[in-house]
Structures are given as structure tokens and as C-alpha cells.
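For reference, the structure discussed in these notes is given below.
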Amino acid sequence: MKKILLLSILMLFMASCGSSRRTTETKVIGKSTTTVSSKRISKVVNHAKKFEGTRYKYGGTDKRGMDCSGLVYTSFKEENIALPRISREMAKKGIRIKLNETEEGDLVFFRTNKNRKTINHVGLVVESDRGEIKFIHSTTSRGVIVSSLEEKYWKNSFVEVRRVI
């Protein structure tokens, strides 16, 4: 019985990494190739990288703990770009782009719960080199890490890429 309870709790945590907090304003910048945008993108990515190694915490948005949408939300907020706090709501912002057009600063979205047809995980692209896409995100088991879209788990869970800057 204890194993079933523990397994149920673990599955609940893995089902969604976004909190229910909402923002009051959403300012999204469209696709741009200006130097100003490049600098903003670099600042967003560098801010996210500062959290690498931070433990996972549902609803977390600081060094004490971070969930996937909290990491993205906080990183963009640093550049005064307001995004929704929940990954499935973030997936409605910006513009959808093709996987082969992915660049640093884009958002990658995943559906990790095969029983539900909703986006429940987000990552921030930190590198896109020769077709390999690396993204920073927060996982329940390892906290904030950089992963590759080539990893089987992420490749199988991938849904879409969106650009907000």
C-alpha cells in the first residue's frame, strides 16, 4: 500500500511542473533580428544558466527551488518580458516556428504525461548547433539542468518550439 501511495505522489509531481500563479500582464515581442534583441536573448539565457544545479520545487522561482515554468518566467521577467506562469499558457504566446529554425532563446514545449494531451513542461533553448538543440529546464529528479533534444525521452515528448523575442 505504501508503494502505491508513494508511486501515486511521484506521478502527481511528474504530471505538471507549472504552478497556478498567473501574471496580470503579458508582453510578447515578435520575431526580430536586431542587435538589441540579440542582447536581450543573451541576458535571458545567461540569467537562466545562473540557476543550473538549483533543486526542483513546485511553484519555485528562486535559488531555493525552481520548477520548469518558474525558470522560464523568471528569466524573461529579468528583461521585463512578462510571460504566463504556467507552461501550457506560455505555449500560446509568441510565434510557432519549425524545429530546424530553432535559435537560442526560443522555448521548447513538451507533453511528458502520455495520459493527458496537454503541454506540461517547458525549456529555454541555450544552444542550437548543427541540428542539436540544447535547452535548460527544471526536472523533478535533477533540478535545473541542460538537456539535449536528441535524448530519447525529450525527443519523444516534444510538442513544439515558440519564439517570444
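Right, residue 93: part of a helix (DSSP H, G or I), basic (Lys, Arg) and either more than 19 Å from residue 47 (Cα to Cα) or open to solvent by 50 Å² or more (accessible area, probe 1.4 Å) (or both) or not?
So residue 93 does not fit the description; no.
Considering only residues of region 145-165 that are basic (Lys, Arg) and free of Cβ contacts under 8 Å to residues at least 60 places away in the same chain, which is farthest from residue 128 (Cα to Cα)?
152
Just checking, which of 135, 76, 110 is of a type in the set (Phe, Trp, Tyr), in contact with a strand residue (DSSP E or B) (Cβ under 6 Å, 6 or more places away or on another chain) and within 21 Å of residue 39 (Cβ to Cβ)?
135
For residue 156, state whether it is over 24 Å from residue 38 (Cα atoms) and over 13 Å from the mean Cα position of the chain (by Cα).
It is true that residue 156 is over 24 Å from residue 38 (Cα atoms) and over 13 Å from the mean Cα position of the chain (by Cα).
Of everything in region 54-81, what is within 21 Å of residue 110 (Cα to Cα) and either modelled with pLDDT under 95 or open to solvent by 50 Å² or more (accessible area, probe 1.4 Å) (or both)? Give them in sequence order.
55, 57, 58, listed by residue number.
Starting from residues that are among the polar types (S, T, N, Q) and free of Cβ contacts under 8 Å to residues at least 40 places away in the same chain, keep the ones in region 97-144 and report whichever is surrounded by the fewest Cβ atoms within 10 Å (Cβ to Cβ).
Here the answer is 115.
The values are calculated or read from the model by the stated rules, or taken from the named source; none is laboratory data. These numbers were taken from a predicted model, which means no experiment stands behind them. FYI the Cβ positions are ideal-geometry reconstructions off the backbone, even for glycines, and counts take in every protein chain you see. Areas reflect the complete protein model, heavy atoms only, side chains present, ligands, DNA and RNA absent. Shrake-Rupley method; radii C 1.70, N 1.55, O 1.52, S 1.80 Å.
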